[in-house]
Structure formats: structure tokens, C-alpha cells
């Protein structure tokens with residue numbers, strides 16, 4: 001009789017563990033789906049704006065409504081992400097997948113400065129644990145620095161001259177060594193990055209000072 005009761009207890013315990021694991025998998029799947037859907041809205045207008053801006057196939061009158069729609073999506077996305085992080089913590093790529101984890105970062109990257117600074121420590125922690133990409137952390141750090149009027153570290157932030165409409169980079173700290181820093185976080189050379197935006201970049205050269 002004692003043995004039978006023991007077997008029943010063990011079986012119930014195993015079933016409980018399986019049920020909890022199944023519930024966790026369900027939650028991760030639901031979170032993954034929602035984050036991936038967010039990424040679609042995060043990129044909806046940005047992709048069109050970037051492509052047409054590079055081709056110079058868009059004017060200010062067209063840009064306005066597109067950015068207005070994108071800003072509305074960005075505000076809704078960051079509001080929802082705050083709610084999700086309060087419930088689940090920062091999305092871990094081992095649980096929700098790399099695409100969904102990157103989507104969470106993209107939402108923060110396109111949020112206001114207050115939210116970016118709020119989430120940066122969580123992203124740094126995730127990177128340290130191998131649960132987020134170091135390149136994403138680098139881009140967010142650059143975005144924050146540029147918004148604060150400081151030189152960026154990795155050269156990820158692009159500027160557009162309002163008069164010539166030509167692309168360039170916001171000021172870069174220790175620019176001659178920027179490609180070395182980019183390589184350390186998994187980013188390619190700055191010259192290749194510039195080509196994605198339709199302009200050429202020549203790496204800065206250190207000039208030797210002779211006495």
C-alpha cells in the first residue's frame with residue numbers, strides 16, 4: 001500500500017513538472033509571436049522611407065505622413081513591450097528565438113531616450129549571458145550617445161545634411177579605431193555599412209606627429 005501511494009505521488013509530481021514545462025513553452029511561444037508581430041510594425045514604414053530616401057525618390061510632403069504612421073506604431077510597441085517585460089523580464093533568445101529577441105531590441109532602439117536608457121542595463125545583462133547580440137547593444141549605446149550630444153562609439157548613427165541631403169556619420173569617438181571596435185561586437189567595416197545608405201566612407205587615418 002505504501003509503495004502504491006509512493007508511485008502515485010511520483011507520477012503526480014512528474015505530471016506537474018510536465019504541465020509546468022508545457023505552460024512555459026506556451027508562454028514563450030505566445031511571447032515570440034507577439035514580438036515578431038511587433039517587428040513587422042516597427043519596420044513597416046522605415047523600410048520604405050530608407051529605400052526611397054537613398055534613391056531620392058521621396059519629398060518632404062510624402063515623408064511626413066509616413067513618419068506619423070511609424071511614430072504611432074513605435075509608441076504602441078514600446079508601451080506593450082514595457083508591459084511584457086514587467087511580466088516576463090527581458091526576452092531571452094534561448095526561449096523566444098533570435099528573431100523575437102532582436103525585435104524587442106528594435107522596439108527599444110526606436111523608442112524615446114527615457115525608455116532607451118531604462119532598457120539598456122537589461123540588454124547589457126542579456127548580452128553578458130549570451131541571450132542577446134552584442135551588436136544590438138552597440139547600436140543602442142550609439143543611439144543614446146548621439147541623442148545626448150556625445151560622440152558615438154561604433155559609428156552606427158547616420159546623419160543627413162538638410163541642405164545637400166547627403167548622408168554621413170554623426171561624430172565618432174577615436175574614429176581611426178572604430179572598425180576594430182565594430183569587429184569586437186560583430187559589426188562589419190564602416191565603409192561597407194556606409195554603402196547600405198548609398199554613400200562612400202574613407203576610414204580615418206592617424207597622422208603621425210613628429211617633434
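Here are a few things to note about the model shown:
- Within the stretch 155-199, being at pLDDT below 95 and touching a helix residue (DSSP H, G or I) at 6+ places or on another chain (Cβ under 7 Å) holds for 197, 198.
- For the condition part of a loop (DSSP other than H, G, I, E, B), surrounded by 13 or more Cβ atoms within 10 Å (Cβ to Cβ) and in contact with a strand residue (DSSP E or B) (Cβ under 6 Å, 6 or more places away or on another chain), residue 168 does not qualify.
- Filter result (part of a loop (DSSP other than H, G, I, E, B) and surrounded by 17 or more Cβ atoms within 10 Å (Cβ to Cβ)) within the stretch 139-156: 153, 154, 155, 156
- When the stretch 111-125 is filtered for residues that are in a loop (DSSP other than H, G, I, E, B) and either surrounded by 20 or more Cβ atoms within 10 Å (Cβ to Cβ) or at positive phi (or both), only 111 remains.
- Residue match in the stretch 44-62 (condition: assigned to a helix (DSSP H, G or I), surrounded by 13 or more Cβ atoms within 10 Å (Cβ to Cβ), within 16 Å of the chain's Cα centre (by Cα) and at pLDDT below 95): yes
- Number of positions in the stretch 67-110 that are surrounded by 17 or more Cβ atoms within 10 Å (Cβ to Cβ) and in a helix (DSSP H, G or I): 20
- Test: residue 162 is surrounded by fewer than 19 Cβ atoms within 10 Å (Cβ to Cβ), outside the structural domain of residue 36 (by TED's automatic domain parsing) and over 23 Å from residue 83 (Cα atoms): yes
- Filtering the stretch 171-180 to residues that are under 20 Å from residue 116 (Cβ atoms) and surrounded by fewer than 18 Cβ atoms within 10 Å (Cβ to Cβ) leaves 171, 173.
- Long-range neighbours under 6 Å by Cβ, at least six apart or interchain, first residue within 17 Å of residue 83 (Cα to Cα) and in the same structural domain as residue 87 (by TED's automatic domain parsing) within the stretch 22-34, second at pLDDT below 90 and surrounded by 11 or more Cβ atoms within 10 Å (Cβ to Cβ): none
The values are calculated or read from the model by the stated rules, or taken from the named source; none is laboratory data. Remember, it's a predicted structure, so these values are computed and weren't measured experimentally. In this analysis, Cβ positions are derived from the backbone assuming ideal geometry, glycine residues included, and neighbour counts consider all displayed protein chains.
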